[in-house]
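To start, the structure itself, in structure tokens.
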Amino acid sequence: MFIDGKWKKAVSGAEFGVFNPATGDLIDRVPDAGPRDVADAINAADKAFPSWSSLTAYQRSQYLYTAWKLMLDRKEDLARTMTLEQGKPLAAARNEIQYGADFLLWFAEEAKRVYGQTIPSARPDQRFIVLKQALGVVGAITPWNYPVSMITRKLAPALAAGCTVVLKPAEATPLCALEMFKIFEAAQFPPGVVNLVTTLDPKPVGQAFVSNPIVRKLTFTGSTQVGKLLAREAAGNMKRISLELGGHAPFIVYDDADPVHAAKGAVLVKFLNTGQACISPNRIFVPRHMVDAFTREFTMRVMAMKPGNGMDAGVKIGPLVGPEALLKVEKQVKDALDKGAKLIAGGRRLTEGALSNGYFYAPTVLTHVTREMLIFREETFGPVAPIIAYDPEEDVIEMANDTVYGLAAYVYTKSTSRAMTAFERLRFGIIGINDINPTSAAAPFGGMKDSGMGREGSREGINEYLETKLGGFSI
Ligand code: NAD
């Protein structure tokens with residue numbers, strides 16, 4: 001772990017293993033933090049806060065630039081660690097490193113654009129001045145599915161704002177976090193500004209983040225269930241929170257869309273990270289008369305995707321993260337088939353040859369999916385594409401909005417009027433119009449409803465780590 005500028009073992013000496021999801025092999029062991037370690041990290045961040053927040057924005061920016069450059073220098077090693085530990089194909093891991101580095105660059109620049117304001121007063125003797133100031137110590141919790149970019153998406157704006165941070169990465173992917181902290185160490189961030197605790201049981205760390213009076217803010221990316229639990233406890237202690245939670249993205253194909261273009265886009269975004277992405281489509285809506293043509297094109301492309309170890313050339317679909325993820329996918333597929341869905345492709349674990357010790361599930365296509373099925377409601381987080389026929393067109397926005405989630409949605413149409421209507425009416429925070437990658441460090445990322453609160457990236461991202469302070473001056 002990295003606490004107060006030093007690499008440390010857990011005070012208890014405890015460790016836990018990190019495994020490769022493609023082979024089941026033990027890769028390494030890392031410290032298993034207990035309450036003392038977490039308290040040490042929070043205290044170190046507290047001690048570092050006054051001087052870090054007093055640096056000029058230009059000085060903080062320099063640290064972020066240095067980290068950005070180091071991250072690009074070490075891109076290949078970082079990508080290999082990610083594929084080994086998380087399973088995604090190497091090319092996808094490289095893309096994630098680039099996306100992750102983008103946040104360091106973006107917030108190195110945004111650090112210098114934290115503007116206050118002056119406000120005219122009705123009183124001639126009075127002046128109002130508004131300052132934006134760093135919140136204080138931030139506790140950050142990140143998931144395993146994007147184990148590098150979720151770190152920089154939180155830490156870069158927090159550090160740019162002048163906050164100090166304690167990060168707890170997911171227990172499945174601590175090695176990516178360790179590599180990132182080697183970069184922060186090499187960038188010579190002052191001791192205590194960035195701290196890392198790794199732990200197998202996340203609950204005590206979560207508890208410390210929402211109850212320790214030193215921590216002023218919790219930023220969390222993960223499941224809606226855990227996000228709500230932490231939010232309830234944070235409320236009791238009046239902590240600020242930002243939550244990036246689950247999703248259940250609709251992918252709407254209108255009947256004027258090019259079916260080949262739409263199917264190509266749907267396959268790429270559905271099977272991104274083996275479906276383990278919060279912006280992954282979980283319901284693909286196709287006009288009833290186009291379902292056969294769309295499904296043929298879609299399935300042909302799915303069958304061309306090679307599953308396997310992400311280190312092997314040509315592999316497009318890696319393993320799932322673990323055995324529970326496999327069980328969840330199996331349960332949803334069985335439920336759908338029991339209720340009348342048709343299996344067009346996949347629908348089974350892959351256990352042949354080298355895949356036998358990993359957590360592989362065949363890319364799966366289901367048609368005749370209806371609202372009664374679990375898969376229509378629950379986030380799958382796996383490589384299953386449910387195709388839903390709609391008719392008439394007026395129904396589709398209501399069907400798409402029929403979810404507690406509100407993160408991402410996709411629309412394929414050539415009509416500007418349909419595109420604009422869908423953009424305005426869909427209750428989701430991110431809408432891709434004929435576009436399967438509506439994400440960038442420059443653009444606000446975040447959800448509505450049960451998908452969370454707050455935005456990461458963009459001009460808005462840094463606000464999550466700032467307080468507004470009003471000065472009323474009588475002269
Ligand atoms: P998870 O909620 O189980 O775990 C996420 C993180 O929370 C991990 O670091 C884990 O250790 C920690 N955690 C778990 N229980 C905790 C507790 N009781 N107290 C404190 N911390 C706890 O979710 P997951 O399965 O690892 O991640 C997948 C989820 O993350 C999906 O629902 C996905 O949609 C969501 N996600 C959202 C975004 C987004 O930006 N909206 C991005 C990536 C993933």
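Eigenvalues of the Cα gyration tensor times 5, then square-rooted: what semi-axes does that give for region 180-329, in whole angstrom, largest first? Intermediate results must be reported in sequence, preceding the final value.
On the way: eigenvalues 313, 88, 43 Å².
Equivalent-ellipsoid dimensions as semi-axes: 40, 21, 15 Å.
Within a 10 angstrom radius of the beta carbon, how do TYR410, TYR58 rank from fewest other beta carbons to most?
Numbers: TYR410 30, TYR58 10.
Neighbour counts put them in this order, fewest first: TYR58, TYR410.
Please give every one of the aspartates and glutamates within straight-line cross-link reach of LYS75, meaning a C-alpha to C-alpha distance under 20 Å, and leave out same-chain neighbours fewer than 8 residues apart.
Straight-line reach from LYS75, under 20 Å: GLU85, GLU96, ASP102, GLU179, GLU185, ASP312.
Counting pairs of alpha carbon atoms under 8 Å apart in space and at least six apart in sequence, what relative contact order in percent does region 65-212 give? Please list the in-between numbers first.
Working: 209 pairs, mean separation 36.4, N = 148.
That works out to 25 percent.
Compute the orientation-averaged projected area for the chain from the convex hull of its Cα atoms and round it to one decimal in nm².
Numbers: hull surface 95.7 nm².
Result: a mean projected hull area of 23.9 nm².
Take the alpha-carbon positions of region 337-475, form their convex hull, and give its projected area averaged over all directions (one quarter of the hull surface) in nm². Display every interim value, and only then the final one.
Working: hull surface 57.1 nm².
Averaged projected area of region 337-475's Cα convex hull equals 14.3 nm².
Find the lysine pairs in region 260-406 meeting two conditions, Cα atoms under 15 Å apart and a separation of 8 or more places or different chains, and report how many there are. Before the final figure, lay out each step's value.
Values: LYS264/LYS316; LYS270/LYS306; LYS270/LYS316; LYS306/LYS316; LYS331/LYS339; LYS334/LYS342.
Close lysine pairs under the 15 Å cut-off: 6.
Restricting to Cα pairs below 8 Å that are 6+ residues apart, what does the relative contact order work out to for the chain? Please round to a whole percent.
Numbers: 1116 pairs, mean separation 89.6, N = 475.
Averaging sequence separation for qualifying contacts and normalising by length gives 19 percent for the chain.
Report for region 249-440 the percent antiparallel among DSSP-assigned beta bridges with both residues inside it, nearest 5. Spell out each step's value before the answer.
Values: 5 of 25 bridges.
Taking every DSSP beta bridge within region 249-440, about 20 percent pair in antiparallel fashion.
Among the listed pairs LYS47/LYS217; LYS132/LYS217; LYS47/LYS182; LYS69/LYS168, which have their C-alpha atoms separated by more than 18 angstrom in this model? Each step should come with its number before you reach the end.
Values: LYS47/LYS217 16 Å; LYS132/LYS217 16 Å; LYS47/LYS182 21 Å; LYS69/LYS168 24 Å.
Pairs exceeding the cut-off: LYS47/LYS182; LYS69/LYS168.
What list of ³J(HN,Hα) couplings, whole Hz, do you get for region 213-228 from phi and the Karplus terms 6.51, -1.76, 1.60, once you set θ to phi - 60° and write x for glycine and proline?
Residue by residue, region 213-228 yields x, 5, 6, 9, 8, 10, 10, 10, 10, x, 6, 4, 4, 5, x, 5 Hz.
Cα extents of region 249-440 along the three principal axes, largest first, in whole Å?
Cα extents, longest axis first: 51, 35, 29 Å.
Output ³J(HN,Hα) for region 129-146: one whole-Hz value per residue in order, computed from phi by the Karplus curve 6.51 cos²θ - 1.76 cosθ + 1.60 with θ = phi - 60°, and x for Gly and Pro.
Result, rounded to whole Hz: 10, 10, 10, 10, 10, 4, 5, x, 7, 10, x, 10, 10, 10, x, 8, 6, 10.
Give a residue-ordered list of calculated ³J(HN,Hα) values for region 434-447 (Karplus: 6.51 cos²θ - 1.76 cosθ + 1.60, θ = phi - 60°; whole Hz; x for Gly, Pro).
For region 434-447, the Karplus-derived couplings read 6, 9, 9, 9, x, 10, 5, 4, 7, 10, x, 10, x, x Hz, x marking Gly and Pro.
For PHE19, what residues show an amide H to amide H distance below 5 Å, using hydrogens built from the backbone and excluding near sequence neighbours?
Amide H neighbours of PHE19: ILE27.
May I ask what percent, to the nearest 5, of DSSP beta bridges between residues of the chain are antiparallel?
Details: 28 of 66 bridges.
Roughly 40 percent of the beta bridges in the chain run antiparallel, per DSSP.
Quick one: helix 75-86 against the long Cα principal axis of the chain, what's the angle to the nearest 10°, folded into 0 to 90?
For 75-86 against the chain, the angle is about 60 degrees.
Semi-axes of the equivalent ellipsoid for region 273-385, please: Cα gyration tensor eigenvalues, times 5, square-rooted, ordered largest first, whole Å.
Working: eigenvalues 108, 54, 29 Å².
Over the Cα atoms of region 273-385, the semi-axes work out to 23, 17, 12 Å.
Over all alpha-carbon pairs in region 5-151, figure out the percentage whose distance exceeds 19 Å. If you can, show how the numbers build up before the last one.
Numbers: 7410 of 10731 pairs.
Everything past 19 Å amounts to 69 percent.
Convex hull volume of the Cα atoms in region 403-475, per residue, in Å³?
In region 403-475, the Cα convex hull volume per residue is 147 Å³.
If neighbour count is taken as other Cβ atoms inside 10 Å, put GLU244, GLU398, GLU464, GLU171 in order from fewest to most.
Least crowded to most crowded, the residues run GLU398, GLU171, GLU464, GLU244.
If you average the sequence gap of Cα pairs under 8 Å that are 6 or more apart and divide by the length of region 249-440, what percent do you get for the contact order? Provide the component values of the computation, followed by the final result.
On the way: 376 pairs, mean separation 54.4, N = 192.
Reported as a whole number, the value is 28 percent.
What residues qualify as long-range amide H neighbours of THR198, i.e. H under 5 Å apart, gap of 5 or more or another chain, H built at 1.01 Å from N?
Counting only residues 5 or more places away or on other chains, the set is ALA33.
No lab work stands behind these numbers, since they all come straight from the coordinates. These numbers come from a predicted model, not from an experiment. Methodologically, a virtual Cβ is constructed for each residue, glycine included, from the backbone with ideal geometry; neighbour enumeration extends over all protein chains shown.
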